[in-house]
Amino acid sequence: MKWMYELMYRYSFVPIPYDIGPREELVSLVEDGRIEPCRAIDLGSGTASNVIYLARHGFEVTGVDFSPAAIELGRERAREAGVEVTFVEDDLTDLRRVEGTYDLLIDYGTLDDLRPSDRDAYVRNVLPLAHAGSRFLLFCFEWEARWWERALGRIGPMAMEPGEVSRRFGASFDIEGIAGGPTGSRFIPRTATYLMTRTA
């Protein structure tokens, strides 16, 4: 999958789902005051819309992506927006350049794009980034894998299985579903957004 994202960001062929500005759930949480300025990290920062939005609202922000082209794009867009964002090229399944903990973690469509074994590695690498009380905003596709998805080894539309977020994070986070549901699309039938709080 890495080569696909590298080409997409390198040649500015970024489909609409990946480049629609800061995500509405994030904007709502910030503007409603549920999430206040703090040290934040975007796990898979992509087009940098979320990190730029947060930086404009007083957050100390780091964007992480495994695509060098996405990192370059993020830096360019942050310069154009006149905001300060730290961008780090790193692999969320094998973090080597990200240290410390964050008050807010964001993932819009990164975890659900990974194969199950890589999701295991993601969780192992991401958990140390959260301290007690950290918030984790997670958006994902979520549905029961269809027969052809299983047959293709989950190549194609990726999704978390129902209950998978609780299974992977429930021992370490209090989990609140804040948005999502049926989309009306046969291709991407359901989404889910969770706001999780790290327990002690």
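The values are calculated or read from the model by the stated rules, or taken from the named source; none is laboratory data. Note that the structure is predicted; figures quoted are calculated from it, not measured. Using ideal geometry, Cβ is built from the backbone for each residue, glycine included, and neighbour counts are taken over all protein chains shown. To get the accessible areas, we keep the full protein, side chains included, count just its heavy atoms, and leave off ligands, DNA and RNA. Shrake-Rupley method; radii C 1.70, N 1.55, O 1.52, S 1.80 Å.
Using the crude model of +1 on Lys and Arg Cβ and -1 on Asp and Glu Cβ, and no other charge, please compute the dipole size for the chain relative to its Cα centre, in debye to 20.
380 debye
For the pair segment 26-49 / segment 98-168, the C-alpha centres are spaced 18 Å from each other. Here's how it looks for Thr191: its modeled amide H is under 5 Å from those of Glu142, Gly181, Thr183, which are all 5 or more places away or on a different chain.
Let me have the 222 nm mean residue ellipticity of the chain computed from DSSP H runs of 4+ only, each contributing -39500 (n - 2.57), with the sum over all residues rounded to the nearest 500.
-8500 deg cm²/dmol
Bridges between two residues of segment 99-200, per DSSP, are antiparallel at a rate of about 70%. Ranking Ser185, Ser172, Leu26 by Cα position along the charge dipole of the chain, where only Lys, Arg, Asp and Glu carry charges on their C-beta atoms, puts Ser185 farthest toward the positive end. In a DSSP loop and with at most 11 other Cβ atoms within 10 Å, the trypsin sites (Lys or Arg not before Pro) in segment 114-195 are Arg186. Count Lys and Arg as plus one, Asp and Glu as minus one, and take only other residues whose Cβ is under 15 Å from that of Arg186; the net charge is then 0. The calculated FRET efficiency for the pair Glu36 and Glu89, based on their C-beta separation and a Förster distance of 41 Å, comes to about 0.90. Within the set [x] 53, 39, 32; [y] 67, 31, 30; [z] 47, 43, 34, the number that Cα extents along the principal axes in Å takes when calculated for this structure is listed as [z]. What the phi angles of segment 23-36 give under the Karplus curve with 6.51, -1.76 and 1.60, with θ = phi - 60°, is a coupling list of 6, 4, 5, 5, 4, 4, 5, 6, 6, 7, x, 6, 10, 9 Hz, glycine and proline written as x.
Ordered from highest to lowest accessible area with the whole protein assembly present and a 1.4 Å probe, Phe66, Phe59 read as Phe66, Phe59. Within the listed set Leu127, Leu92, Leu114, the Gaussian network model of the chain (springs between alpha-carbon atoms below 10 Å) gives the highest mean-square fluctuation for Leu127. Taking Leu73, Leu105, Leu137 in turn, the Gaussian network model of the chain (Cα-Cα springs below 10 Å) assigns the largest fluctuation to Leu73.
At a 1.4 Å probe radius, carbon and sulfur cover how many percent of the accessible area of the chain? So the carbon and sulfur contribution to the accessible surface is 51 percent. Tyr194 contributes an accessible area of around 40 Å² to the protein surface, as traced by a 1.4 Å probe with all chains present.
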